[in-house]
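Let me begin by presenting the structure, written as structure tokens, before commenting on it.
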Amino acid sequence: MQIYILGIESSCDDTAAAVIENDIIRSNVTAGQEVHKNFGGVVPELASRAHQQNIIPVIETALQLANINKKQLSAIAFTKGPGLLGSLLVGTSFAKALALGLDIPLIEVDHLQAHILAHFIRNEDRSNAVPDFPFLCLTVSGGHTQIVKVHEYSDMEVIGQTIDDAAGETFDKAAKIMGLPYPGGPVIDQLAQQGDPNRFAFAKPRIPGLDFSFSGLKTSILYFIRDRLKENPDFIEQNKADLCASVQQTIISILIEKLKAASDASGIYHIAMAGGVSANSGLRRAISSAGEKAGWKVYIPPLSYTTDNAAMIAVTGYFKYLQKDFADQSAAPYARSRM
Ligand code: KG4
Ligand code: ZN
């Protein structure tokens, strides 16, 4: 049986829609929001307004590219949380209205679970490898940093997480300190390619177990740069690439160290990563080389499924559809993680 799911994602600053036919991707459309670029972060009120403007064209484009009429849809899946409430409300309300209008099931999706299940999106000829259960997933995004033990599509256990800032937030804040635009992660990634990752050393956290902390690193970067600027006002400009490479290297080593500890502690050698920061070229190389040394089977998502997208919402919707795990019209978004 062909099941067509429309996925809708609006948790932060990307308005996205995707159509999946069973677990095979048919279209994946994202409208980003330039409006936040000069604010050093997402402005919630501006994000909600931009979602409101983008949602209809994005959904129409996703249906067109998939060559699907909305009457063919089997269900509507939407991001219920976590995220910005005003942003989530746009996608949630639209999904509810569309499901009601078409008289098809409504499926609520957890954004973090979806980042992980993006690994199960199949390309047209189903040639891509998908992880075997159980596996560990390092989920690293702008709002979250977790190590998740994935037992099943719907059975996930967080075994380590940040006690303060997220990895992506640290990239973004470091970029802001250096006067780089938001989101800082991709900009740092780019500049780091010409830099020396061992040029500058920053404080690394000493947190026991599998949890992370990034607030000390952020302060270390801030104070280091502030002190150097006192001696040389052009310090950032003259050392930008080395600063970016060193910051990136420090974040990566914190992540990989904990991932190794998690694999050792759990005896699980199937390792995946997900979320916006998993787009980082240094992190992608580092997880591959750590995996070669440790004998891991590593799963690195295609770039289009790392940052926020609706394909991951649609595929999660598909697995929930098979379980008949449907929501009703009382579904209300949530801001904080429930995983
Ligand atoms: O998953 P995502 O799109 O949204 C959230 O759910 O938060 O992640 C966004 C985060 C931002 O902090 C952004 O700077 C970071 O992912 N990011 C990167 C890269 N691309 C996106 N960080 C480092 N290197 C990248 N190439
Ligand atoms: Zn995300």
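Return the only residue of 158, 150, 187, 140 being more than 16 Å from ligand 1 (Cβ to nearest atom) and either farther than 23 Å from residue 315 by Cβ or not assigned by TED's automatic domain parsing to the domain that holds residue 18 (or both).
Working: 158 fails: more than 16 Å from ligand 1 (Cβ to nearest atom); 187 fails: more than 16 Å from ligand 1 (Cβ to nearest atom); 140 fails: more than 16 Å from ligand 1 (Cβ to nearest atom).
Only one candidate passes the filter, namely 150.
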- Are any of the residues in the stretch 27-47 assigned to a helix (DSSP H, G or I) and free of Cβ contacts under 8 Å to residues at least 12 places away in the same chain? yes
- In the stretch 6-24, anything surrounded by fewer than 24 Cβ atoms within 10 Å (Cβ to Cβ) and within 13 Å of ligand 2 (Cβ to nearest atom) is listed as 14
- Note on the structure: If we keep only residues of the stretch 104-150 that are within 19 Å of residue 323 (Cβ to Cβ), touching a Gly at 6+ places or on another chain (Cβ under 8 Å) and not hydrophobic (A, V, I, L, M, F, W, C), then the residue farthest from ligand 2 (Cβ to nearest atom) is 110
- Item | Residue check for residue 46: within 25 Å of residue 169 (Cα to Cα), buried (at least 21 other Cβ atoms within 10 Å of the Cβ) and either in the same structural domain as residue 99 (by TED's automatic domain parsing) or not polar (S, T, N, Q) (or both) | no
- Item | Neighbours by Cβ (under 7 Å, 6+ apart or cross-chain): first from the stretch 181-204, in a loop (DSSP other than H, G, I, E, B); second of a type in the set (Asp, Glu) | 182/172; 183/172; 195/242; 196/242; 199/242; 200/242
- Query: Counting just the residues of the stretch 289-314 that are more than 14 Å from the chain's Cα centre (by Cα) and aliphatic (A, V, I, L, M), which one comes out nearest to ligand 2 (Cβ to nearest atom)?
  - Reply: 314
- Message: Taking the criterion of being among the hydroxyl-bearing types (Ser, Thr, Tyr) and within 16 Å of ligand 2 (Cβ to nearest atom), would at least one residue in the stretch 280-288 satisfy it?
- Response: no
- Of all the residues that make up the stretch 100-133, how many are within 14 Å of residue 302 (Cα to Cα), within 16 Å of ligand 1 (Cβ to nearest atom) and among the small types (Gly, Ala, Ser)? 1
- Item | Considering residues of the stretch 177-227 that are at pLDDT below 95 and charged (D, E, K, R) only, the residue farthest from residue 250 (Cα to Cα) | 206
- Message: Exactly one condition in (1) away from ligand 1 (no atom under 16 Å from the Cβ); (2) touching a residue at least 40 places away in the same chain (Cβ under 8 Å) is false for residue 97; which is it?
- Response: (2)
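The values are calculated or read from the model by the stated rules, or taken from the named source; none is laboratory data. Being a predicted model, the structure only gives us computed values, none of them experimental. Note: ideal-geometry Cβ built from the backbone for every residue, glycine included; neighbour counts use all protein chains shown.
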